[in-house]
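*Asks:* Please read through the structure below; I'll follow up with questions.
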Amino acid sequence: MASTTVASDLATLTRHTLAGLRMLLVFTLLLGLAYPLAMTAVGQVAFPWQASGSLVRSDGSHTTDRSEAVGSTLVAQAFEGAQYFHPRPSAAGDGYDTLASAASNLGPLNPDLVAAIEERKDAVAELEGVDPADVPADAVTSSGSGLDPQISPEYAAIQVARVARERGLPVADVEAAVEAHTAGRDLGVLGEPRVDVLELNLALDDAH
Amino acid sequence: MTAVSTPVLAAVAQALVLVALLAAVHAPLGAYMARVYSSPRHLRAERLWYRVVRVDPDAEQRWTTYLMSLLGFSLVSVLVLYGMLRLQQHLPWNLGFTGFDPAGAWNTAVSFTTNTNWQWYSGEAAAGHLVQMAGLAVQNFVSASVGMAAAIALVRGFARSGTDARIGNFWSDLTRGVTRILLPLSLVAAVLLMAGGVIQNLDPHTALTTVEGATQQSLGGPVASQEAIKELGTNGGGFFNANSGHPLENPTPFTNLVEIFLLLLVPFTLPRTFGILVGDKRQGWAVLGVTAGLFTASLALTTWAEMAGPGAAPQAAGAAMEGKETRFGLAGSALFAVATTATSTGAVNASHDSLTAPGGGLVLFNMLLGEVAPGGVGAGLYGMLVLAVVAVFIAGLMVGRTPEYLGKKIGRREMTLVALYVLTTPALVLVGTAAAVVARPGLAGLQESGPHGLSEVLYAYASAANNNGSAFGGLTSGTPFYEVTQGIAMLAGRFVPIALVLALAGCLARQAVVPATSGTLPTHRPLFAGLLATVAIIVVGLTFIPVLSLGPVVESLS
């Protein structure tokens, strides 16, 4: 008796598994091909710039062609030159590596992290000629993705004097450029105020 | 000097915008979903669909048959996904990536089929577009629909009486969940995300030259379409390694709010559907009240912890910004972290490993709670209904009456199933954690030693067994030991509870309704809601206090 029950249970499970297989194949056509391809078509028609990665040329104008782009306004890239605003530290690969987006994942009590923060704070303070106590948190911490395209208005503010000096510009001009590339909270309450580093640097390059 | 600072006011306002949006759609979407699962009519396209697939969508199934269909479907899902991952180099749009190794493919196939979306790999460095679209994203849809089907089957168990344990038709529930709920909502969500800057193309990753002349890879991929269902189906598997912290997956505070809204949408609306289907909306309000209360408490505490920023590293930096993106800030990251762990999503927009010690402990607690406040799509509702049965049972013991819930007697058989359900995930979490901290290959994966190391392991097994999928990123889980043991935890953590829930549904559907008397405990009043919340916390508390004490609690105190 028991063995026939097991056999019939197995037969039932096999029948259901085959029905499941047919179901999955049809789902794959609908959800795995038709849906993403349709969305891709909608994106390329309705939002071609965003859907292609928010790319910009060296004069800051929008493009969907990677060969003429110098970066994406949404993705941080390394800026080391003294005439540029600098992004946040990055834990993505060796820094700003888009094939290895990552946070440091170091815990809040980790002594290595504390040491790295102190070191960065001193370096930033020296570079910008400010008191270490005035260096904001985003300047000394790596972001969630390692590709954070933005910095806080506070971090931008302490970089203004250096950038103005290096470019031989009045401080007020650089302050105005920062102001123009600062976004407030979305709808007044969502997220935080921020400055897009690539857009700001390209605007300075383009104007001067 | 104002008493409350601008960031705090903005944090509160941001949460209130979210609440307002969820409240606005609660009643209409809840009613719509109730119609989806109770209407006898099929759409014309669905009839064609059932003919092609050769299933009978009108055959009422006993719970055993329903379970067989569900398991059969999930079994082929694991096998097909495993095959796609192993054979990636032979598939189109593979971007030059090779197949996954056996342990890795097993882990990922189980992970996406069980709605967990634990990821040991980095999407941008391992998965081509076809595997993402036709493999992973398909499971994002169907695993979510499977969870909803199981929840609806349990609700039918309460709503029906005197049947021979028939609880609906799995194929019809599975199909309608996709075609009438998840797919239409995803279409809208994907368009919103693209408008906000999420990429959607089929381009490979190619190099561009940056302003300073360095080379950086420009990324491509059908991200918006996948991002939509990743959140809506409480899946959480990121297209890229940084998940929703990646600026191409979640570019602005606006898209952040859209994503949080999506991942809370179905879990917070299903209690309404439940109330309608059992013929008493007040029962839905009671369940919603408990989930909303627990969620609000967790959100308030976590946001406070992140904004206060205790701990050596946040103190040194001036704020807990390690692992967080500028555009989301402390509040936008805390809101996402609570929403993703209180549902079973597991997407992250910040590094959970770098949260403050109390913040990290709180999001861990959300998962240990069994993800019932509000929980994953479907899984949250059936988890909460099981706890409601425990609550009426305890109340019954106190007054010496046979417990009843929604007119059904909770007898020995029902309580046995419920007790097994409550024990399953804690057993998987604690046995898994214990094994990892005594086995050498387990210890090898730890980035940190001491209490934070224990938190990393506990978080990993809590995430796997509860089908969450988020990680304390420090743990190196891409080793055969973690890939295999976590795969087992995910599989058992998904299907053992579902089997028990469907068995319970069968038992309940067979019973006649017991008319309510003056001695019946009303289960729609605040008294019962309070009891239910207490039961949820006490069950998890008694189970996990020892291990929590050794991990996050020690860390918070040091």
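Each value in this text was obtained by applying a stated rule to the coordinates, not by laboratory testing. All figures in this text were calculated on a predicted structure; none of them were measured in a lab. Here the Cβ is made from the backbone with ideal geometry for all residues, glycine too, and neighbour counts use every protein chain on show.
*Asks:* Among all residue pairs at least 6 apart or on different chains, which show Cβ distances below 6 Å where the first residue, located in the stretch B:81-106, is touching a residue at least 12 places away in the same chain (Cβ under 8 Å) and the second is surrounded by fewer than 20 Cβ atoms within 10 Å (Cβ to Cβ) and among the charged types (D, E, K, R)?
*Replies:* B:Gly99/B:Arg86; B:Ala105/B:Arg86
*Asks:* Which members of the stretch A:112-155 meet the condition of being of a type in the set (Gly, Ala, Ser) and either at the interface with another protein chain (Cβ under 7 Å from one of its Cβ atoms) or buried (at least 24 other Cβ atoms within 10 Å of the Cβ) (or both)?
*Replies:* Those that are of a type in the set (Gly, Ala, Ser) and either at the interface with another protein chain (Cβ under 7 Å from one of its Cβ atoms) or buried (at least 24 other Cβ atoms within 10 Å of the Cβ) (or both): A:Ala137, A:Ala139, A:Ser142, A:Ser143, A:Gly144, A:Ser145, A:Gly146, A:Ser152.
*Asks:* Do we have any residue at all in the stretch B:237-248 that's aromatic (Phe, Trp, Tyr), farther than 17 Å from B:Ala126 by Cα and more than 9 Å from every other protein chain (Cβ to nearest Cβ)?
*Replies:* No: zero hits.
*Asks:* Exactly one condition in (1) more than 22 Å from A:Gln159 (Cα to Cα); (2) of a type in the set (S, T, N, Q); (3) facing chain B (nearest Cβ under 7 Å) is not met by A:Ser67; state its number.
*Replies:* Against the list (1) more than 22 Å from A:Gln159 (Cα to Cα); (2) of a type in the set (S, T, N, Q); (3) facing chain B (nearest Cβ under 7 Å), A:Ser67 comes up short only on (3).
*Asks:* Please enumerate the residues belonging to the stretch B:187-200 that are within 7 Å of chain A (Cβ to nearest Cβ) and crowded, with 23+ Cβ neighbours inside 10 Å.
*Replies:* Selection gives B:Ala190, B:Met194, B:Gly197, B:Ile199, B:Gln200.
*Asks:* Quick test for you: out of A:Ala103, A:Ala82, pick the one residue that is more than 8 Å from chain B (Cβ to nearest Cβ) and part of a loop (DSSP other than H, G, I, E, B).
*Replies:* The unique qualifying residue is A:Ala82.
Table: residues versus (1) touching a Lys or Arg at 6+ places or on another chain (Cβ under 7 Å); (2) surrounded by 13 or more Cβ atoms within 10 Å (Cβ to Cβ).
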site	(1), (2)
A:Thr5	no, no
A:Arg15	no, yes
A:Arg22	yes, yes
A:Ala34	no, no
A:Val56	no, yes
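*Asks:* Search the stretch B:66-81 for residues being facing chain A (nearest Cβ under 7 Å) and not aliphatic (A, V, I, L, M), and hand back the single one that is nearest to B:Gln139 (Cα to Cα).
*Replies:* Out of the qualifying residues, it is B:Ser77.
*Asks:* Being closer than 27 Å to B:Ala509 by Cα, in a loop (DSSP other than H, G, I, E, B) and either facing chain A (nearest Cβ under 9 Å) or in contact with a strand residue (DSSP E or B) (Cβ under 7 Å, 6 or more places away or on another chain) (or both) narrows it down to one residue among B:Asp203, B:Asp164; which is it?
*Replies:* Matching residue, one of B:Asp203, B:Asp164: B:Asp164.
*Asks:* I've got another one for you. Any residue at all in the stretch B:68-80 that is surrounded by fewer than 20 Cβ atoms within 10 Å (Cβ to Cβ), at negative phi and not hydrophobic (A, V, I, L, M, F, W, C)?
*Replies:* no
*Asks:* Can you tell me which condition B:Leu532 does not meet? The list is (1) more than 19 Å from B:Glu404 (Cβ to Cβ); (2) in contact (Cβ under 8 Å) with a residue 24 or more places away in the chain, and all the others hold.
*Replies:* Unmet for B:Leu532, out of (1) more than 19 Å from B:Glu404 (Cβ to Cβ); (2) in contact (Cβ under 8 Å) with a residue 24 or more places away in the chain: (1).
*Asks:* In this structure, is B:Gln226 more than 30 Å from B:Arg510 (Cα to Cα), under 21 Å from the mean Cα position of the chain (by Cα) and facing chain A (nearest Cβ under 8 Å)?
*Replies:* yes
*Asks:* Hey, which of the helices (runs of 4 or more DSSP H) in the stretch B:293-382, taking only ones fully inside, have at least 1 residues that are closer than 23 Å to B:Val19 by Cβ?
*Replies:* Hits in the stretch B:293-382: B:329-342, B:357-368.
*Asks:* Another one. Looking at this structure, is B:Ala125 under 24 Å from the mean Cα position of the chain (by Cα) and either part of a helix (DSSP H, G or I) or of a type outside the set (Lys, Arg) (or both)?
*Replies:* The answer is no for B:Ala125.
*Asks:* Would you point out which residue out of B:Leu18, B:Leu75, B:Leu79, B:Leu85 is outside any loop (DSSP other than H, G, I, E, B) and within 21 Å of B:Arg176 (Cα to Cα)?
*Replies:* Exactly one residue qualifies, and that residue is B:Leu75.
*Asks:* I would also like to ask the following. Return the residues of the stretch B:398-428 that are among the β-branched types (Val, Ile, Thr) and outside any loop (DSSP other than H, G, I, E, B); say none if nothing qualifies.
*Replies:* Scanning the stretch B:398-428 gives B:Val399, B:Thr416, B:Val418, B:Val422, B:Thr424, B:Thr425.
*Asks:* For the structure I just gave you, tell me whether B:Leu335 is touching a Ser or Thr at 6+ places or on another chain (Cβ under 9 Å), over 22 Å from B:Gly474 (Cβ atoms), within 11 Å of chain A (Cβ to nearest Cβ) and of a type in the set (A, V, I, L, M, F, W, C).
*Replies:* Yes, satisfied.
*Asks:* Okay, next question. From (1) in contact with a strand residue (DSSP E or B) (Cβ under 6 Å, 6 or more places away or on another chain); (2) assigned to a helix (DSSP H, G or I); (3) facing chain B (nearest Cβ under 7 Å), pick out the condition that doesn't hold for A:Trp49.
*Replies:* Unmet condition: (3).
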